[in-house]
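Worksheet for the structure shown next.
Just so it is clear, none of the values below were taken in a lab; they were calculated from the coordinates. Every value quoted in this text rests on a predicted model; they were computed, and no experiment measured them. Because the Cβ atoms are built from the backbone with ideal geometry, glycine has one as well, and the counts that use them run over all protein chains shown.
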């Protein structure tokens with residue numbers, strides 16, 4: 001939603017170059033929801049295909065080496081309104097180091113003023129992670145949400161669905177006060193009973209089409225978790241909007257700590273986004289999932305709200321780093337709790353253990369993998385408790 005300077009964002013470090021690159025190297029997918037920066041960040045030109053757009057996303061978000069410097073990103077992209085997303089990866093799996101932040105994703109959030117740490121510009125995006133289980137190098141395996149501070153908020157809506165409808169670009173706009181030329185530009189419907197439909201406004205200072213130019217569909221749908229609205233009009237006249245910060249776990253939500261890569265000139269301070277932990281991963285039912293590594297990362301805009309003349313809230317992504325790019329990938333034989341040997345620890349392993357304890361399955365089918373508790377050679381409740389501790393990161 002925010003205006004973004006198009007000057008190159010050169011992020012540098014004087015540290016030695018890691019064997020694994022710390023920056024994004026691959027863009028797998030990009031699909032923004034309608035919004036005021038769509039077709040601008042990145043740019044789309046008449047006749048461009050999705051492949052052309054993905055190449056521009058890569059030019060904005062993928063890093064590279066320039067002499068002794070590590071360039072984390074050359075720009076940024078906007079995800080549009082709720083649901084718009086980007087999928088990217090590194091040149092290596094990101095390792096889950098228990099208790100530590102594993103990667104950082106940069107946005108362009110800022111405080112309203114130097115005296116306020118409660119809010120300013122916060123356009124939170126949810127992070128999903130996935131492993132290349134089938135080994136085909138594509139992000140077509142199960143996704144797991146990193147459960148941030150608002151995951152359990154009663155106002156957060158899980159399983160939110162929204163459909164946007166292609167606008168008539170030739171209709172006569174409905175004029176509204178300041179900077180809004182059409183308050184009924186792009187319609188959407190959703191499964192939120194308190195707001196079953198709404199519109200993406202067309203603003204006078206962004207006159208291009210807000211519908212992704214490379215798509216020929218008449219509708220565009222997204223699903224996921226919707227966070228509560230975080231914006232308020234502090235002026236009472238529609239002139240001064242503030243978006244409050246959420247606690248942690250979201251992209252473009254707070255000022256980002258840059259881990260020495262020169263992303264900003266702010267020292268480490270309270271309230272900064274310190275990054276993301278793979279151990280926050282949960283499945284579709286909210287159960288913790290223990291992933292030793294992840295291969296794919298997805299960010300999508302998690303808020304559906306309009307802020308008057310500022311337009312829709314839209315997450316911006318400005319690059320990412322693996323905080324520990326040379327971490328050693330765990331040996332599969334050392335992944336305690338992975339009973340079904342799928343390289344992750346989740347409810348499926350728990351169900352197997354329960355069935356063994358109840359006599360509905362045999363521990364012999366899983367070798368020594370069902371013996372989670374090292375103190376004996378019998379599969380029992382002690383093994384189940386140990387597995388639960390592993391899943392909860394204890």
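Let's test the formula: R0 of 45 Å, r as the Cβ-Cβ distance of residue 351 and residue 169. What FRET efficiency results, to the nearest 0.05? Once rounded, the FRET efficiency stands at 0.30.
With Cα atoms defining each centre, region 168-246 and region 21-89 are spaced 22 Å apart in the structure. Between 0 and 90 degrees, the angle of helix 347-358 with respect to the longest Cα principal axis of the chain falls at about 30 degrees.
How much of the calculated P(r) for region 259-394 lies past 22 Å, in percent of all Cα pairs? The proportion of pairs with Cα distances above 22 Å equals 55 percent. Stretching the chain fully between residue 285 and residue 141 yields a gain of 50.2 nm (0.36 nm per residue, less the alpha carbon separation). In the chain, the longest principal axis of the Cα atoms and the axis of helix 50-61 are about 80 degrees apart.
With the Cα gyration tensor of the chain in hand, convert its eigenvalues to equivalent ellipsoid semi-axes via √(5λ) and list them largest first in whole Å. Could you put the intermediate results ahead of the total?
On the way: eigenvalues 306, 118, 81 Å².
Value: 39, 24, 20 Å, ordered largest first.
Taking region 129-154 and a reference point 7 angstrom along Cα→Cβ of residue 51, the backbone N atoms nearer than 20 Å belong to 137-139. Over the residues of the chain, the helix contribution to mean residue ellipticity at 222 nm works out to -2500 deg cm²/dmol, using -39500 (n - 2.57) for each DSSP H run of at least 4. Between the helical axis of 381-391 and the longest alpha-carbon principal axis of the chain there is an angle of about 30 degrees.
With a cut-off of 8 Å between alpha carbons and a minimum separation of six or more residues, what is the relative contact order of the chain in percent? Intermediate values should be presented prior to the final figure.
Working: 936 pairs, mean separation 100.9, N = 394.
Relative contact order of the chain: 26 percent.
Provide 168, 91, 349 in ascending order of the number of other Cβ atoms located within 10 Å of each residue's Cβ, fewest first. If you can, show how the numbers build up before the last one.
Details: 168 9, 91 14, 349 25.
Result, fewest neighbours first: 168, 91, 349.
FRET efficiency for residue 219 and residue 118, Cβ-Cβ distance as r, R0 = 35 Å, nearest 0.05? The partial results should precede the final answer.
Working: r = 37 Å, r/R0 = 1.07.
Once rounded, the FRET efficiency stands at 0.40.
Stokes-Einstein diffusion of region 24-64 at 4 °C, 1.567 mPa s viscosity, Kirkwood radius from Cα pairs, rounded to a whole number: 121 µm²/s. Between 25, 189, 207, the GNM of the chain built on Cα springs shorter than 10 angstrom shows 207 fluctuating the most. Looking only at 40, 123, 312, which one moves most when the chain is put into a Gaussian network model with springs between Cα atoms under 10 Å? Maximum among the listed residues: 40.
Counting other beta carbons within 10 Å of each Cβ, put 48, 216 in order, fewest first.
Working: 48 16, 216 7.
Arranged by neighbour count, lowest to highest, 48, 216 become 216, 48.
For residue 156 and residue 101, calculate 0.36 nm times their separation in residues minus their Cα-Cα distance, and state this gained length in nm to one decimal.
Numbers: separation 55, 0.36 × 55 = 19.80 nm, distance 2.42 nm.
Length gained, residue 156 through residue 101: 17.4 nm.
Legend: ranking of residues 200, 372 from fewest to most surrounding C-beta atoms inside 10 Å; resulting order 372, 200.
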